[in-house]
Amino acid sequence: MSLDGYIAGPNQGPEHPLGEGGDQLHEWAYATDAWQREHGRDEGRRTADSAVIEDATRGIGAVIMGRRMFGGDGPWDPEWKGWWGDEPPFPGPVFVLTHHERAPLEMANGVTFTFVTDGIESALSQAQDAAGDKDVSIAGGAQAIQQYLAAGLLDELLLHVTPVLLGGGERLLDDVGTPRLEPVEVVGTPAATHMKYRIVR
């Protein structure tokens, strides 16, 4: 997230999936060995940011994301397989929130995208069943996280705040009500401030 509260820049689209300037928000992650390893590369530096990524991804059995995070808006182009390439870097099945039906999409590395049209509770139930005794991660984008946070369906919120000002785009914490957040951990590095909160019910 940027210092001014955005998790994507303005004018998102095929040329700028994260909006204009949005790539800056993830530069801290791109530089780490943990992120590079997840994406099948033997590059990057070992830093405190690496440990944050490993902690955030440990024990995840399924992922939920919004339609924009998968890629695009509106009715499906059946040829479009999302932003993530043939080997998406997820630890298990991914459940995509959408208003448009689509058959499940199995990728080359065995990750399956399932498209859920009947709401956030259904997606969570399916993801929990798939994850078994592991955790479910709500990966993004902003609207997906907002819906789960407002509905009281999140246990933890992880924020990675980068020293970037975007000035516009998609805000993360709009329209989420007034959940009570209990600080669990803060890790500060030159690249980002990583904050973990427990959602108190």
Sorted from fewest to most neighbouring beta carbons within 10 Å, what does the list MET107, MET1 look like? MET107, MET1
Given points 7 Å out from each Cα along the Cα-Cβ axis, report the THR117 to ARG180 separation in nanometres with one decimal. 4.1 nm
Relative contact order (%) - the stretch 37-194, alpha-carbon pairs under 8 angstrom, separation at least six: 23 percent
Where labels lie 7 Å past Cα in the beta-carbon direction, separation of LEU159 and ALA103 in nm: 4.3 nm
Using θ = phi - 60° and the Karplus curve 6.51 cos²θ - 1.76 cosθ + 1.60, what whole-Hz ³J(HN,Hα) does each residue of the stretch 86-97 get, with Gly and Pro shown as x? 6, 10, x, x, 10, x, x, x, 10, 10, 9, 6
Virtual spin-label span in nm between THR189 and ASP42, 7 Å along Cα→Cβ: 2.2 nm
Ranking ASP33, ASP23, ASP49 by Cβ neighbours within 10 Å, fewest first, what do you get? ASP23, ASP33, ASP49
Antiparallel content of DSSP bridges confined to the chain, in %, to 5: 55 percent
Using a Gaussian network model on the chain with a 10 Å cutoff between Cα atoms, which of SER137, SER125, SER50 fluctuates the most? SER125
Highest-MSF residue in the chain out of ARG102, ARG67, ARG58 [GNM, Cα springs under 10 Å]: ARG58
Which far-off residues, 5 or more places away or on another chain, put their amide H under 5 Å from the one on GLY66, with H placed in the peptide plane? LEU97, GLY140, GLY141, ALA144
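Quick note: the coordinates plus some simple rules give every number you see, no bench work behind them. The structure presented is a predicted model; accordingly, all values stated were derived computationally and were not measured. All Cβ positions, even for glycine, are placed from backbone atoms using ideal geometry, and neighbour counts span all protein chains on display.
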